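Below is one structure; the comments refer to it alone.
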Amino acid sequence: MPIAQIIEMPGAGVAEYEQAFALIHPDGSWPAGQLSLIAGPTPDGFRVIDVWETREALERFERDVLEPLGFAGVPRTEFAVHTVLPG
């Protein structure tokens, strides 16, 4: 079952997001199992919403990419996805 997560980055702006994105996706590649990524500024910072094919795909990305870069444990809200429409 697909799973989504919402990550709030209080105090962050476009520059901070782009810096983090460049570290996480150095060659611009799409991680295995990621279905979508939506990101944009909010009044308080920056919000990232991504959707994964399975919880296992998300956990693999966290273990293999986020943890080594020091992004483990970032507060987020997760929820099961009922509908994903192709873009």
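Annotations for the structure displayed:
- Helix-only [θ]222 nm of the chain, DSSP H runs n ≥ 4, -39500 (n - 2.57) each, per residue, nearest 500: -6000 deg cm²/dmol
- Placing unit charges on the Cβ atoms only, positive for Lys and Arg and negative for Asp and Glu, gives the chain a dipole magnitude near 140 debye about its Cα centre.
- The 1.4 Å probe gives accessible areas that order ILE3, ILE38, ILE24, largest first, as ILE38, ILE24, ILE3.
- With a cut-off of 13 Å between beta carbons, the residues surrounding VAL48 carry a summed charge of -3, where Lys and Arg count +1 and Asp and Glu -1.
- For the chain, the share of accessible area belonging to carbon and sulfur comes to 59 percent (1.4 Å probe, ligands and nucleic acids excluded).
- For the chain, the solvent-accessible area with a 1.4 angstrom probe is 65 square angstrom per residue.
The values are calculated or read from the model by the stated rules, or taken from the named source; none is laboratory data. All values derive from a computational prediction rather than experimental measurement. Ideal geometry is used to build each Cβ from the backbone, glycine not excepted, and the neighbour counts take in all protein chains shown. When the accessible area is computed, the model is the full protein with side chains, heavy atoms only, and any ligands, DNA or RNA have been set aside. Shrake-Rupley method; radii C 1.70, N 1.55, O 1.52, S 1.80 Å.
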